[in-house]
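Every number here is computed from the coordinates shown, using simple stated rules; none is lab data. Since this is a predicted model, take the numbers as computed values, not measurements. Counting neighbours? That spans all protein chains shown, and the Cβs are built from the backbone with ideal geometry, glycine included.
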Amino acid sequence: MKSELMYFILICSLLACSKDNDSTNQPPTNAKEYWYCSLDGKQYTLVVKDGSLDVESSLHIESSIAPLGQGTSYYKLGANIFENINDNIGFYLAKGTMAIAQGGYPSELQFSNFMNDQNNEFSLEALNGIEINFYDAQQEIWSTSLGSQMGSQFKFIKLTSITVLNDHYIESEAEFNCKLYNALGEVKQLVNGKCKLVFGYE
């Protein structure tokens, strides 16, 4: 009887471990920021954790700012997430272009409206939509901008406005699949893509 009880406990422990391992095959929804995808069959899960520098994220803002009332200002907003360990790989997501007709800097409302619009098709260098880049272990760039995106999809599933020290940001969650090309025209298929990244304009 005792041996049967020990066997039952062992089986339950193995099942619990198996369940925990399976849970790593899904994006960590409680993480501050993350990137999750399968790229040519290889799984990538990058998670930003408090107190750890193994994975970091950063804002990327490209702008052409006209003086107020003297032209149009243009903004392309991006977010990076990258490893500081192992192969130092990383991903980049950009959305463009936010145009401010009166020049100067965007307001919080203009920023929010831009992120919430439905123009989320893949676009060359994110000039009129979305761009995704992958930086591999050799720091070669694989990009949606270098080839056809027929059949690819991207959508923001959640956008949340947040304020940190009086600066305005939007926390985004997205789902996507796409094709990433290098300069030689070679292609990698990205599927089951999910990410949680923060965008800003200031």
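Quick one, what does Rg over Rh come out to for region 40-116 if you take C-alpha atoms and the Kirkwood Rh?
With Rh from the inverse mean 1/r over Cα pairs, Rg/Rh is 1.14.
Report, in deg cm²/dmol and to the nearest 500, the calculated mean residue ellipticity at 222 nm for the chain, where each DSSP H run with n ≥ 4 adds -39500 (n - 2.57) and the sum is divided by the residue count.
The per-residue figure over the chain is -5000 deg cm²/dmol.
Between exposed trypsin sites (Lys or Arg not before Pro) in the chain, where DSSP calls loop and at most 14 other Cβ atoms lie within 10 Å, what's the longest gap?
Numbers: sites that count: LYS32, LYS49.
With a cap of 14 other Cβ atoms within 10 Å, the longest stretch comes to 50-202.
Could you give the C-alpha radius of gyration of region 155-202 expressed as a fraction of 2.2 N^0.38 Å, taking N as the number of residues it contains?
Rounded to two decimals, the normalised Rg is 1.56.
Could you compute the net charge surrounding GLU175? Neighbours are other residues with a C-beta less than 9 Å from the C-beta of GLU175; K and R count +1, D and E count -1. Walk me through the numbers before you get to the answer.
Values: positive: LYS155, LYS194; negative: GLU173.
Combined, the nearby Lys, Arg, Asp and Glu give +1.
For the chain, what relative contact order do you get, as a whole percent, if you take Cα pairs closer than 8 Å and at least 6 residues apart? Spell out each step's value before the answer.
Details: 443 pairs, mean separation 36.8, N = 202.
Here the relative contact order equals 18 percent.
Among the lysines in the chain, how many pairs, 8 or more places apart or on different chains, have alpha carbons under 19 Å apart?
24
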